[in-house]
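What follows is a short report on a single structure.
None of the figures in this text is laboratory data; all of them are computed from the coordinates on show. From a predicted model like this one, the values you see are computed outputs, not experimental measurements. Positions of Cβ are backbone-derived with ideal geometry, glycine not excepted, and every protein chain shown enters the neighbour counts.
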Amino acid sequence: MKKRLLFLGPPGAGKGTQANLLCSKQSLLHLSTGDLLRAEVSAATPLGIEASEIMNRGELVSDSLVLSIVEKRLASHSNGWLLDGFPRTLIQAEALEILLDKIQQPIQAVLLIKVDDDILVERLLARGRADDNETVIRNRLEIYKEKTSPLVAHYNKQGLVQTIKGDGDIEAIASRIQESLC
Ligand code: AMP
């Protein structure tokens, strides 16, 4: 079973939901940069204050800020991990590779969760987070296409990408994910 994983897919694809299920089942570290950033925002730390306006517009926070919150957490967990919402740019992917080389823990699989755009917007509007109004959602989808989707080709070159159909019920998607990791 592969235990060093990365979820790729647009906002609303269900990465967080599936990551929670898989990580509790397999005792993996769930590293969601979105969750970590929201915790900083709630605690009103200097980092959170810097990030919150950017997040509310649906833009990406700076690579250096995200890397600083990822680095210390990854190194301290040995049973495997699942990265959710990181990396989101090629620069982040390259920085991650350097970090993983250093700790000798290469990625074993990149799961690309695919869902049609109209379903994504519907799901995100139903979720109702601070950055889930229609204008911001459209912006996040555009940013995903422009900055994050090039990572699919990047990881395809390394033979790591497996595509998962992200529609249907939660359990069915979880089984597809589970099967792809054996
Ligand atoms: P998420 O919960 O993954 O949808 O992330 C929510 C927001 O947090 C994003 O729209 C970005 O503003 C910010 N964010 C999360 N992860 C990253 C990342 N890896 N790089 C830059 N910004 C991020």
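Peptides 29-37, 88-96: what's the order by average Cβ count within 10 Å, highest mean first?
Ranking the peptides 29-37, 88-96 by packing returns 29-37, 88-96.
When each pair of different Cα atoms in the chain is counted once in the 1/r mean, what is the Kirkwood radius in angstroms, to one decimal?
The Cα-based Kirkwood calculation yields 16.7 Å.
PRE reach from E59 (point 7 Å along Cα→Cβ): which of the stretch 74-94 fall under 18 Å by backbone N?
It comes to 88-92, nothing else.
If each of N139 and A44 carries a label point 7 Å out from its Cα toward its Cβ, how far apart are those two points in nm?
In this crude label model, N139 to A44 measures out at 2.4 nm.
Within 10 Å, count the other beta carbons around each residue, average over each peptide in 2-11, 43-52, and list them highest first.
2-11, 43-52
With n ≥ 4 as the cut-off for DSSP H runs, can you work out [θ] at 222 nm for the chain, using -39500 (n - 2.57) per run divided by the number of residues, rounded to the nearest 500?
Taking each H run of at least 4 residues, the total per residue is -17000 deg cm²/dmol.
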